[in-house]
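What follows is a set of notes on a single structure, which appears directly below.
The values are calculated or read from the model by the stated rules, or taken from the named source; none is laboratory data. Given the structure is predicted, the values throughout are model-derived calculations rather than measurements. Glycine gets a Cβ as well: all are built from the backbone with ideal geometry, and neighbour counts include every protein chain shown. Surface areas here come from the heavy atoms of the whole protein model, side chains and all, with no ligands, DNA or RNA. Shrake-Rupley method; radii C 1.70, N 1.55, O 1.52, S 1.80 Å.
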Amino acid sequence: MQLAPPLGIFGGTFDPIHNGHIYPVLEGAEKANIKKVALMPCYIPSHKNPATASSEDRLKMVQLVCADYPLFYPESRDINRGKPTFSVDSLKEIREAMPTTPLCFFIGTDSLQNLFTWHKWPTLLSLCHFVVCERNGGSVKSLKGNSDNLLQLQALLNKRQIFNPIALHNSLAGHIYIANTQTLTVSSSKIRQQLTSNQSVDAFLPPKILDYIQQHKLYQPSADFC
Ligand code: ATP
């Protein structure tokens, strides 16, 4: 089968989207020679507390980022469903729509470590590859935690890890590529927390996103800090 160029997919709550989402994926995509990445905000996060900002605001912020980077485009199918779903549901739909396109799901090292808690994770690996971006100084080798989890992760990597990203172009799914991207220590929760306590977040976000947050009064300071 003649394969199409690979498509990157980067899912998240994006509450709000920040530099730690944007730059590692730009770098990872360049290393893997992936020319398009869909940014896919989720409707309701499956692994954590509900989002603070509305789906509409989170999608709008993603669209603002996409307007500035030709690599990215907004993928709203998860939000449009309007009910809680899992990454695997969206990946199935995308796979059906693009049967000859290798799909590369971008995740941070924290998400790789908790992969085994994801809904139908083995099915996910039959639908897409994973491209892993470093997070919080955490290279995959330096991950800490429950030893069963680390052993399971090592076994998975022994089977699935590839070192030459060309492999992502030559098959539809099933590989894991650790992109060794530069670490950016930032998270949406830290940004929300700093905004609600009136601290600066300029270093963590594109200026357009900060403007949007201010114009739409998202993540407002709590009464204690006014
Ligand atoms: P929160 O702080 O609210 O938990 P978050 O900053 O982790 O949010 P998400 O939208 O939940 O952001 O993350 C989506 C994806 O982005 C996940 O795969 C996560 O690992 C990855 N990611 C988030 N921040 C970074 C970062 N600083 N570096 C690399 N990957 C990141």
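Structure data summary
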quantity	calculated
Taking the convex hull of Cα positions in region 58-149, its mean projected area over all directions (nm²)	7.7 nm²
Long-range HN-HN contacts of residue 105 with modeled amide H, under 5 Å	9, 129, 130, 131
Residues with amide H under 5 Å from that of residue 42, placed H, sequence gap 5 or more	12, 13
Directionally averaged shadow of region 7-185, computed from the convex hull of its alpha-carbon atoms, nm²	9.6 nm²
Value at 222 nm in deg cm²/dmol, rounded to 500, when DSSP H runs of n ≥ 4 in the chain each add -39,500 (n - 2.57)	-12000 deg cm²/dmol
Listed residues 39, 150, 91, most fluctuating in the chain (Gaussian network, C-alpha, under 10 Å)	150
Length gained when the stretch residue 2-residue 198 is fully extended (0.36 nm per residue, less Cα-Cα span)	65.2 nm
Whole-percent carbon and sulfur share, accessible surface of region 7-185, 1.4 Å	52 percent
Per residue accessible area of the chain, 1.4 Å probe, in Å²	50 Å²
Vicinal HN-Hα couplings computed from phi for region 67-76 (Karplus, 6.51 cos²θ - 1.76 cosθ + 1.60; Hz; Gly/Pro x)	5, 9, 10, x, 4, 9, 9, x, 10, 9
Placed amide H near residue 37: partners under 5 Å, 5+ positions off or other chain	8, 72, 73
Share of alpha-carbon pairs per 10 Å distance bin for region 1-101, given as whole %	15, 47, 33, 5, 0
Hits among lysines - C-alpha to C-alpha of residue 144 under 27 Å, sequence gap 8 or more where chains match	31, 48, 120, 159, 190
Low-density loop cleavage sites - trypsin sites (Lys or Arg not before Pro) in region 91-157, where at most 16 other Cβ are within 10 Å (DSSP)	120, 144
Whole-Hz couplings from phi, Karplus 6.51/-1.76/1.60, listed for region 113-122; x for Gly and Pro	5, 9, 3, 5, 9, 6, 4, 6, 4, x
Per-residue HN-Hα couplings for region 162-178 [Karplus 6.51, -1.76, 1.60; θ = phi - 60°; Hz; x = Gly/Pro]	10, 10, 9, x, 4, 4, 5, 8, 9, 8, 6, 6, x, 9, 10, 10, 8
